[in-house]
Amino acid sequence: MNLKYKAIILLLAGLAASFVLINSIHKKEYDDSLGVRVPYVDQTSYSNLLEIKTTHFHLDIQLDFSLNQINGTQTLFMTATRSGASHLDLDIDGIQVQQVREESQGELKFVVNYPKEVVTGEQLSISLKEPLIKGKQYIFYIDYSVQNSSASSWLTPQQTASKILPYLFTQCESTYCRSLAPFQDSPYIKSTYSANVTVQDPINIFLSANLTSKIPHPTLKDYSIYSFRMDIPIPSYLFTIVAGNVVLQMIGERTGVISEPTHIQAYANELSDLELYLQTLENYTIPYTWGNYQIVILPPSFPFGGMENPLVTFASPSIIVGDKSGVQVAIHEIAHSWFGNLVTLLNWRNVWINEGLTVYLERQANLILGGEDNYLIDSYVGNNTLMDDMNGYGLNSNYTSLHPFVKGTNPDDSFSNVPYEKGFQFVAYLETVVGKEFLQGFLRSYLQKFKYQSIDHVTFREFFTEYLILNNPRKASKILTQINWDAWINGVGLPPVILNFTTPIVPETQQLAKDYISLNGTASPSNYDFFNQITLNAKTIFLQYLFDNLSSVNTAIIQRIDQDYQLSNSTNMELQWRWYRVTIKVGYNANIEQIHSFLGSIGRLKMISPVYQALVETNQKALAQQYFNEYQNFYHPIAVIAIKKIVQ
Ligand SMILES: [Zn+2]
């Protein structure tokens, strides 16, 4: 290494150090403006995260399906990171706390504080008998119960496929874990955990942890205690429960599917390539550390496509199409085993640290397994969804940035395609700057360095800088001045560099839509069968073109397309929601009953929100409300909140 490079390195190292400084210095560490103390490091938590940290939690709970209730004790093993605080503050949401004890201090007094804007629960503030001592370990026992918590979906036997047993599944991301038990409910905190869960026989149960034993309950007849353990530290949002008539069927050596027995064979067939996906992603990154990979196909009310709970990825049954075209979601969720679950976002302002990197990894797998065209079409379609969402927010909206403000709001409001697709484009842009192989090397080092930790964009940038200087000292300075980090991370609206993802299939598919429009419903284009030969993602380009050109589309054109492709009667939900929102906007009424039953057949927000939105935007708010009232008991509580915002 010669002196010139050394000088550059010193300069850049100085630059990197100043980022650390900017990041760590806030005017204050806590903000009181919500009426409850909120740490700046995660403004969606009410816990004093800077004073004390959970290192392990142990849940001893019973699931009561007759009352939709969880009762039990949360035990928090904590270490003080500073001396002096005379209270422990935790996040709760709708939880009734009966008693709090500490191992050496005995029973402790507590109060519940309510923030001015109640969006993410309440603060449980526990008074300590002695101030915290840095480095000292504490064990808190909190007896509590919670009924119909916002993370939980309790289904009656009638609402399940096999109709034999009730069913429970939980969804903690982003800030709902605090409704299952008292927690330091922030991704800033990662801990191991264990649990004993009591449940009536023959209900079976899985957690995002390894089952260690199942024994009959010593006093409750016909009840069992399931014990679990997770030895890799995880953030609270990855805690989950699924219970009901659910069974596991292994597919490969490490991979399996969990669901009600009714359709499990069909699910296993559709997901038969899980092991291949896992190996492909593992080869690209670093070894998979979680043991087995199992995917739970949930009842249709699950509000998302997938959720990356370790050991038990949750997935909507809408990903099971019959031709493996929907399993993209599975690849995405497996990719979270590295980005998100191993290296975790520091707080909900840095969602792209999870999602942007995961989409990048997911598309590397598509590239390896499906070729360049596949990668480009996915990225092109992803960009369409990004533009839809950014236009929906308005291009000047805070939520079009990769570092939005979420204080005093539900962080779910900022969840959109922005952290996924703008985040992906940022990583893809870095690839164009440093090269594909170099970026892969960087990502592997990044995973090794930050595994089991939570980081933000500043740490990402620092490490990128450090890695670049070390591994490409000749060009580091030039590359670093080229990247406009501030515009990418903090800027609102369009990405500062527009990447080109077009491939011949894009204009060909758009031309087909144009031909339908110019024929004005009088005839079909001569090559109309082309649509039946292209991939699902390419089909969505056709539908997107119609949606982007609604002013040129009329009911005669819609009727012609519907005749040719039977889209109103499609069973592929990815096509259905896109088609229905176009037909509603155009004023085509012939398929309103299909739309009606579609909204009651699936609770996946990505699919139902745009359809409700289209109804509201075409003066059919009353109809939207009527459908929502009919189905709101079927939807998950998270979906109810989101759809209410649209239809009210
Ligand atoms: Zn994701």
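The values are calculated or read from the model by the stated rules, or taken from the named source; none is laboratory data. Keep in mind it's a predicted model, so treat the numbers as computed, not measured. Glycine also receives a Cβ, built like all others from the backbone with ideal geometry; neighbour counts cover every protein chain displayed. Side chains included, ligands, DNA and RNA excluded: accessible areas come from the protein's heavy atoms. Shrake-Rupley method; radii C 1.70, N 1.55, O 1.52, S 1.80 Å.
So the values come out like this:
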read-out: Coil-residue chymotrypsin sites (Phe, Trp or Tyr not before Pro) of the range 432-480, DSSP, other Cβ within 10 Å capped at 15; value: Tyr452
read-out: Fully extended contour minus Cα-Cα distance, from Glu437 to Met387, at 0.36 nm per residue; value: 15.1 nm
read-out: D (Stokes-Einstein, µm²/s), Kirkwood Cα radius, the range 40-245, 1.002 mPa s at 20 °C; value: 123 µm²/s
read-out: Alpha-carbon Debye profile of the chain, log10 I(q)/I(0) at 0.06, 0.08, 0.09 Å⁻¹; value: -0.34, -0.62, -0.79
read-out: Paramagnetic reach from Gln482 (point 7 Å along Cα→Cβ, amide N under 13 Å) across the range 403-443; value: 429-436, 438-439
read-out: Inter-centroid distance (Cα atoms) of the range 382-412 relative to the range 214-242, Å; value: 37 Å
read-out: Reachable lysines from Lys514, criterion Cα separation under 23 angstrom, eight or more residues apart if same chain; value: Lys539, Lys585
read-out: 19 Å Cα-Cα reach of Lys451 towards lysines, excluding residues that sit fewer than 8 places from it in its own chain; value: Lys53, Lys190
read-out: Label-point separation, Phe405 to Thr81 (7 Å along Cα→Cβ), nm; value: 2.5 nm
read-out: 1.4 Å probe accessible area per residue over the range 40-245, in Å²; value: 37 Å²
read-out: Accessible area expressed per residue, the range 372-461, with surrounding protein chains retained (probe 1.4 Å, Å²); value: 35 Å²
read-out: Label-to-label distance, nm, for residues given as Ile498 and Ser526 (7 Å Cα→Cβ offset); value: 3.4 nm
read-out: Within the chain, helix-based [θ] at 222 nm, where runs of 4 or more DSSP H residues each add -39,500 (n - 2.57), nearest 500; value: -12000 deg cm²/dmol
read-out: Alpha-carbon centroids, the range 567-605 and the range 292-336: separation in whole Å; value: 22 Å
read-out: Portion, in percent, of the accessible area of the range 40-245 that falls on carbon or sulfur, probe 1.4 Å; value: 50 percent
read-out: Set of aspartates and glutamates with alpha-carbon distance to Lys163 below 15 Å, sequence-local pairs under 8 removed; value: Glu260
read-out: Long-range HN-HN contacts of Val343 with modeled amide H, under 5 Å; value: Tyr452
read-out: Of all DSSP beta bridges in the chain, antiparallel share, percent nearest 5; value: 80 percent
read-out: With every protein chain in place, the range 505-647: carbon and sulfur % of accessible area (1.4 Å); value: 46 percent
read-out: Summed residue charge, Cβ within 14 Å of Ile608's Cβ, Lys/Arg positive, Asp/Glu negative; value: +4
read-out: Accessible area of the range 342-490 belonging to carbon and sulfur atoms, whole % at 1.4 Å probe; value: 47 percent
read-out: Distance (nanometres) between label positions extended 7 Å along Cα→Cβ at Asn113 and Ser518; value: 6.7 nm
read-out: Value of relative contact order over the chain, rounded to a whole percent, pairs C-alpha under 8 Å and six or more apart; value: 11 percent
